[in-house]
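Q: Below is one structure. I have some questions about it.
What follows is calculated from the coordinates using simple rules that are stated; it is not laboratory data. All values reported here derive from a predicted model rather than from experimental measurement. So basically every Cβ, Gly included, is an ideal-geometry build from the backbone, and we count neighbours across all protein chains shown.
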Amino acid sequence: MMKHSVILEYKRCRGCTTCIKNCPTEAIRVRSGKAAILNERCIDCGKCIQVCPHKAVKSISDSLEKLEKYQYRVALPDPALYGQFQHLDDVDIVLSGLLEIGFQKVFETARAAEILSDYARRTIRAGGEGPVPQISSACPTVMRMIRMRFPKLIPNIASTITPVELAAILARREAAAETGLPPEAIGVFSIVPCSSQVTAAHAPEYLQHPVLDGAFSIRDVYLRLLGPMKDLKERRPLSSAGIMGVGWAYCGGESAARLGQSYLAVDGIENCIQMLEEIEDGRLPEADFIELRACTQGCVGGCFTVENPYGARMRIKHLMRGLPVSRNRFDLQGPDRELVKGDRELQYLPALRLDQDRGAAMEKLLKIDEIFHSLPGLDCGSCGAPSCHALAEDVVLGRASLEDCIFKVRERMQYMAGAGEADEYLPAPFRQRKEPERRSGAHSKEGGHRP
């Protein structure tokens with residue numbers, strides 16, 4: 001079972017149901033006054049982290065103390081990191097600061113992004129690959145969503161690994177060549193903007209084995225960088241990426257780097273789901289490439305970032321003005337040309353499957369439909385499930401009881417009371433409306449009847 005980076009802190013949880021109403025995969029339930037995550041349905045999108053009013057949901061990344069285990073340490077900063085610093089005018093200030101907090105080498109993820117962009121352009125000129133539209137493979141949350149809910153679209157996903165995975169492979173090779181150390185003595189760590197990239201660092205989608213030794217959150221590294229960046233004595237020329245690579249930090253950057261293709265760039269997990277539904281229905285035949293980012297404005301809106309995503313995007317675009325268009329090409333030779341591709345096929349995730357036996361699954365589906373139509377259909381969340389349909393599914397799968405519905409409780413109380421007055425058992429919004437009594441013969445000063 002996959003270990004997710006999104007976790008619940010039960011002491012903080014008050015069972016308010018905010019998270020269950022915002023989870024895009026209905027992966028959360030509230031039981032006995034506390035939220036619980038259905039592990040197999042979680043896609044680590046971090047939506048629950050952003051909406052929880054009590055800060056009871058959080059994402060855990062690797063501790064910076066993990067650096068001490070390795071003789072040589074390499075940092076792979078996501079370009080979204082650059083947008084977290086106000087009045088920053090040079091990427092080299094951030095990269096030099098990383099060398100002051102425990103790293104010996106920096107390999108920009110944006111550099112690998114440019115290599116992947118050039119590979120995509122060459123593939124397009126060669127006639128493309130796979131069915132159209134092609135869907136970006138850069139966002140682990142979107143890939144997991146497709147595998148779980150839209151398995152028919154798995155062939156549409158680009159066959160390339162993520163920029164941070166390619167950066168890890170190339171950075172370890174460079175470090176081994178430069179130092180003469182064995183690869184296992186070199187620690188390669190990504191600095192990521194979201195929880196899904198932490199999970200992907202330990203359980204990649206396209207690779208059989210992880211290529212990263214850990215993943216640190218931008219928030220943690222940001223706090224460590226503030227002092228060293230302010231007191232920086234030497235600004236080293238470490239920047240190795242241009243506009244095309246740095247632009248991957250926000251939604252639309254990857255698409256723009258492909259040059260001249262009909263593309264769509266969509267941000268926000270709800271919008272991504274809507275777009276995937278349209279693609280599945282065949283309503284986007286004119287788009288060649290679809291860039292989907294689960295977070296608002298792309299990686300700059302991840303749950304591990306510090307600054308407002310719109311402000312971060314503005315700062316990154318300001319930094320891009322002084323950069324060349326691109327500094328990297330896809331020039332890998334021989335067997336290395338396959339490094340940009342994964343070494344395993346994406347498989348359907350049966351998290352939403354009711355039963356392995358098709359006949360049994362159909363029976364359960366009919367039972368769910370029957371129970372669903374007996375429920376009020378208000379999706380109030382009082383039962384601890386995000387919707388009436390989710391409650392019906394939970395009942396059939398043994399995760400809940402039909403009596404968890406507060407309206408079923410009301411019906412039972414009415415039966416027990418032998419009368420129709422049981423609204424005191426319902427919250428105020430759900431009580432039946434009572435018509436005000438009219439007093440006959442009452443008139444207003446103008447001679448009309450009072451309401």
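Q: Among the GluC sites (Glu not before Pro) within the stretch 124-220, which fall in a DSSP loop and have no more than 15 other Cβ atoms within 10 Å of their own Cβ?
A: Details: sites: 129, 165, 174, 178, 184, 205; in loops: 129, 205.
Those that pass, being in a loop and sparsely packed, are 129.
Q: With only Lys, Arg, Asp and Glu charged, each at its Cβ (+1 for the first two, -1 for the last two), find how big the charge dipole of the chain is about the Cα centre; round to the nearest 20 debye. Can you show the working numbers first?
A: Details: 59 positive and 58 negative charges, 216 e Å.
Around 1040 debye, computed over the chain.
Q: Taking the 0 to 90 degree range and rounding to the nearest ten, how far is the long axis of helix 109-125 tilted relative to the main principal axis of the chain, both from C-alpha atoms?
A: 90 degrees
Q: Work out how much length residue 284 to residue 362 would gain on full extension: take 0.36 nm times their residue separation and subtract the Cα-Cα distance, in nm to one decimal. Display every interim value, and only then the final one.
A: On the way: separation 78, 0.36 × 78 = 28.08 nm, distance 3.10 nm.
Stretched fully, the residue 284-residue 362 segment lengthens by 25.0 nm.
Q: By DSSP, what percent of the beta bridges with both residues in the stretch 64-350 are antiparallel, rounded to the nearest 5?
A: Details: 1 of 21 bridges.
Here the share of antiparallel DSSP bridges comes out near 5 percent.
Q: Next question. Output the relative contact order of the stretch 72-183, whole-number percent, from Cα pairs under 8 angstrom with separation of 6+ residues. All intermediate terms of the calculation are to be shown ahead of the outcome.
A: Numbers: 97 pairs, mean separation 33.1, N = 112.
Relative contact order here is 30 percent.
Q: Let me ask something additional. What residue among 166, 148, 138 has its Cα farthest toward the positive end of the dipole of the stretch 136-179, where the charges are +1 on Lys, Arg and -1 on Asp, Glu, each on the Cβ?
A: Value: 148.
Q: Full-extension gain between residue 306 and residue 344, please, as 0.36 nm times their residue separation minus the C-alpha to C-alpha distance. Working shown, then result.
A: Values: separation 38, 0.36 × 38 = 13.68 nm, distance 3.46 nm.
This chain segment gains 10.2 nm when fully extended.
Q: Ok, one more. Under 5 Å between amide hydrogens, which residues at least 5 positions from residue 73 or on another chain qualify, with H placed 1.01 Å from N in the peptide plane?
A: 104, 105, 187
Q: Quick one: helix 358-374 against the long Cα principal axis of the chain, what's the angle to the nearest 10°, folded into 0 to 90?
A: That works out to roughly 50 degrees.
Q: Quick one: length gained pulling residue 411 to residue 314 fully straight, 0.36 nm per residue minus the C-alpha distance? Numbers along the way, then the final one.
A: Numbers: separation 97, 0.36 × 97 = 34.92 nm, distance 5.56 nm.
Extra length from residue 411 to residue 314 when fully extended: 29.4 nm.
Q: If you average the C-alpha positions of the stretch 2-81 and of the stretch 311-385 separately, how far apart do those two centres end up, in angstrom?
A: If we compute the Cα centre of each part, the gap is 16 Å.
Q: Could I ask something else about it? Percent relative contact order of the chain, based on C-alpha pairs within less than 8 angstrom and at least six residues apart?
A: On the way: 783 pairs, mean separation 86.2, N = 451.
Taking the mean separation of contacting Cα pairs over the length of the chain, I get 19 percent.
Q: What's the angle, to the nearest 10 degrees (0 to 90), between helix 91-100's Cα axis and the longest principal axis of the chain?
A: Here the helix axis deviates by roughly 80 degrees.
Q: In addition: On average, how much area does the Cα convex hull of the chain cover when viewed from any direction, in nm²?
A: Details: hull surface 126.4 nm².
So the Cα hull casts an average projection of 31.6 nm².
Q: I'd like the per residue volume of the convex hull spanned by the Cα atoms of the stretch 27-149, given in cubic angstrom. If you can, show how the numbers build up before the last one.
A: On the way: hull volume 25.1 nm³, N = 123.
Taking the convex hull of the Cα positions in the stretch 27-149, it is 204 Å³ per residue.
Q: For the stretch 6-59, what's the relative contact order in percent, using C-alpha pairs closer than 8 Å and at least 6 residues apart?
A: Working: 85 pairs, mean separation 25.2, N = 54.
This gives 47 percent for the stretch 6-59.
Q: Could you check the simple spin-label distance between residue 330 and residue 397, using points 7 Å along Cα→Cβ, in nm with one decimal?
A: Going from the residue 330 label point to the residue 397 one covers 3.9 nm.
Q: Order of 337, 410 from fewest to most other C-beta atoms within 10 Å? Before the final figure, lay out each step's value.
A: Working: 337 12, 410 19.
Arranged by neighbour count, lowest to highest, 337, 410 become 337, 410.
Q: Follow-up. Rounded to a whole number of µm²/s, how large is the Stokes-Einstein D of the stretch 113-184 at 20 °C and 1.002 mPa s, given Rh as the Kirkwood radius over C-alpha pairs? Don't skip to the end; give the middle numbers.
A: Working: Rh = 14.1 Å.
For the chosen part, D equals 152 µm²/s.
Q: Sorted from fewest to most neighbouring beta carbons within 10 Å, what does the list 209, 4, 389, 318 look like?
A: Details: 209 7, 4 21, 389 17, 318 14.
By the 10 Å Cβ count, ascending, the order reads 209, 318, 389, 4.
Q: Ranked by Cβ crowding within 10 angstrom, fewest neighbours first, how are 259, 284 ordered?
A: On the way: 259 12, 284 16.
By the 10 Å Cβ count, ascending, the order reads 259, 284.
Q: Output ³J(HN,Hα) for the stretch 7-24: one whole-Hz value per residue in order, computed from phi by the Karplus curve 6.51 cos²θ - 1.76 cosθ + 1.60 with θ = phi - 60°, and x for Gly and Pro.
A: Couplings: 9, 10, 9, 4, 5, 8, 5, 10, x, 7, 6, 4, 5, 5, 7, 10, 6, x Hz.
Q: Here's a follow-up. How would you rank 137-143, 229-235, 341-347, highest first, on the average number of other Cβ atoms within 10 Å across their residues? Before the final figure, lay out each step's value.
A: Values: 137-143: 25.6, 229-235: 11.7, 341-347: 13.6.
Descending packing order for the listed peptides: 137-143, 341-347, 229-235.
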